[in-house]
Amino acid sequence: MNYIRLRKNNLCVENISTLTLAKKYRTPFYCYSLSQLKNNFYSFKNAFKIIKPIVAFSIKSNSNLALLKELKKIGSGADVVSVGELLKAIKAGINTKKIVFSGVGKTEEEIRMAIKKRVLLINVESESEVNLVNKISKKLSKKTSIGVRLNPNVTGKTHKKISTGGRGEKFGVTYNDCINLCEKILKMKNLKLEGLSVHIGSQITNIKPFKEVLSIINKIINKIKIDFKFIDLGGGMGISYSNKEQHLNLKQYSRLVKKFIKNKNVKIIFEPGRFIIGNTGILISKIIYIKKSNNKNFIILDAGMNDLMRPALYAAQHQIIPLRKTNKKFREIVEFVGPICESSDKFLTQRGFEKIKEGDYVALTHVGAYGMSLSSNYNTRPTIAEILVSGSKHKLIKKRQSLENLINN
Ligand code: LLP
């Protein structure tokens, strides 16, 4: 089901025309559909219903508090990677027994907080981290549940900047180190080895790497004969950013996992980010200028790479659509760019784009994941507002940063 779509030539989010929103709120801003969010969460759960996993939403993909509260209401847990994300998850009301703490560089302060808050698992990524978690647990007289993150040396075919499962990456511990580390942890007094975790990358649309990972985990389990309480399979499930792309077949993944857990007494954890939130959001922006140069129309938006980093960082292509469909087309190539002083501040280059003019608005689509959460103050620009639509209602869920706040430090 698609809750962000054209209705009578007007782009609508649920029952609201985006033009109405563009006139009410100052552009640029992010706008999300609550029904889309719920729909995605339930379809995820439904696809995996035969294995009943813990779904720990990956907060790094979008950490808006109002959205986290909505996810909490429908049963989501959280995957966090910093004390900030941990406290935000707790503030949203998410039960700490549904929170997993991942990350290759947790500080002492972060580990202490995670132990005190009794999160479900701290997924450790090195021997030094294991020693530190044990030391802090001892000081606090606690026995801490931990998982070991395996680096399976499997890469999903994805952008190299978001691939994490390869041998050369900083993430997790290798097959042999994983076995040795697990054996060491079993002897440590203040640690409980409960989990094995993996996360091989993001935006993976092919099932094959997930299949390989499951078989490697099986090998480890057979070798060390530990009954892990949890196997945390991470996130990474890819979505389709355009009609041409396919998304990951979750049902197929589910069947594989079902086979994997047969005869094991284990709970599966997933940490999806993009799959839950990616297509729930659009970025609405106004055309400040159109500049024709060398047979190209530069369409200069009021949104820049500081608001949406993905195209500059990963050459990601987000579709751009005018809020109101027009029938005429540009004859020249159009290039959508932002106002930032960098040539990488461009969103999309396209031929045959609908005719639009200065002052019109457009939407960049599928920006719910890693849109706002990757934004910055670069060029000393305030972070922008976020709006939530539900049915025929809309509300501000994060204010645009004030200039006063921006310039005071
Ligand atoms: N778990 C761990 C340990 C992760 O590192 C990540 C993402 C996830 C779960 C969630 O992955 P997802 O289901 O969203 O693919 N900024 C990049 C994506 C970076 C992903 C980082 N880790 C982008 O905009 O494509």
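The values are calculated or read from the model by the stated rules, or taken from the named source; none is laboratory data. Quick caveat: nothing in here was measured; it's all calculated off a predicted structure. In this analysis, Cβ positions are derived from the backbone assuming ideal geometry, glycine residues included, and neighbour counts consider all displayed protein chains. The accessibility values were calculated without ligands, DNA or RNA, using every heavy atom of the protein model including side chains. Shrake-Rupley method; radii C 1.70, N 1.55, O 1.52, S 1.80 Å.
General remarks:
- Hypothetical label at residue 5: residues of the range 294-332 whose amide nitrogen lies under 20 Å (7 Å Cα-Cβ projection): 319-326
- Protection-proxy order for peptides 312-323, 372-383, each taking the mean of Cβ atoms within 10 Å per residue, highest first: 312-323, 372-383
- At R0 = 56 Å, FRET efficiency that the Cβ-Cβ distance of residue 264 and residue 292 yields, to 0.05: 0.30
- What the Cβ-Cβ distance of residue 405 and residue 118 gives, at R0 = 51 Å and to the nearest 0.05, is a FRET efficiency of 0.90.
- Using C-alpha pairs below 8 Å separated by at least 6 residues, the relative contact order for the chain is 19 percent.
- Neighbours of residue 221, meaning other residues whose beta-carbon lies under 10 angstrom from its beta-carbon, give a summed charge of +3 when Lys and Arg score +1 and Asp and Glu score -1.
- Net +/- balance of residues flanking residue 287 in space, Cβ distance below 10 Å, scoring K and R +1, D and E -1: -1
- Compactness of the range 34-276 - radius of gyration and Dmax, Cα, Å: 16.9, 55
- Sparse packing (at most 14 other Cβ atoms within 10 Å of the Cβ) combined with a DSSP loop state is found for the following trypsin sites (Lys or Arg not before Pro) in the range 19-60: 26, 49.
- Accessible area per residue for the chain is 47 Å², calculated with a 1.4 Å probe on protein heavy atoms, without ligands, DNA or RNA.
- Among beta bridges that DSSP assigns inside the range 218-309, antiparallel share in %, nearest 5: 65
- Spherically averaged projected area in nm², based on the convex hull that wraps the Cα atoms of the range 43-138: 6.4
- Semi-axes of the equivalent ellipsoid of the range 302-409 are 25, 19, 13 Å, computed as sqrt(5λ) over the eigenvalues of the C-alpha gyration tensor in descending order.
- When the helices of the chain are scored as -39500 (n - 2.57) per DSSP H run of n ≥ 4 and the total is divided over every residue, the value at 222 nm lands at -8000 deg cm²/dmol.
- Karplus 3J(HN,Hα) series, Hz, for the range 275-289 with 6.51 cos²θ - 1.76 cosθ + 1.60 (x for Gly, Pro): 4, 7, 10, x, 8, 7, x, 10, 10, 9, 9, 9, 7, 7, 9
- DSSP assigns beta bridges within the range 34-276; of those with both partners inside it, close to 5 percent run antiparallel.
- Here's the picture: a label point sits 7 Å out from the Cα of residue 73 along the beta-carbon direction, and within the range 8-41 the residues with their amide nitrogen under 13 Å of it are 34-39.
- As computed over the chain, the Cα convex hull volume per residue (Å³): 144
- Largest mean-square fluctuation among 153, 249, 123, in a Gaussian network model of the chain whose springs join Cα atoms under 10 Å apart, belongs to 249.
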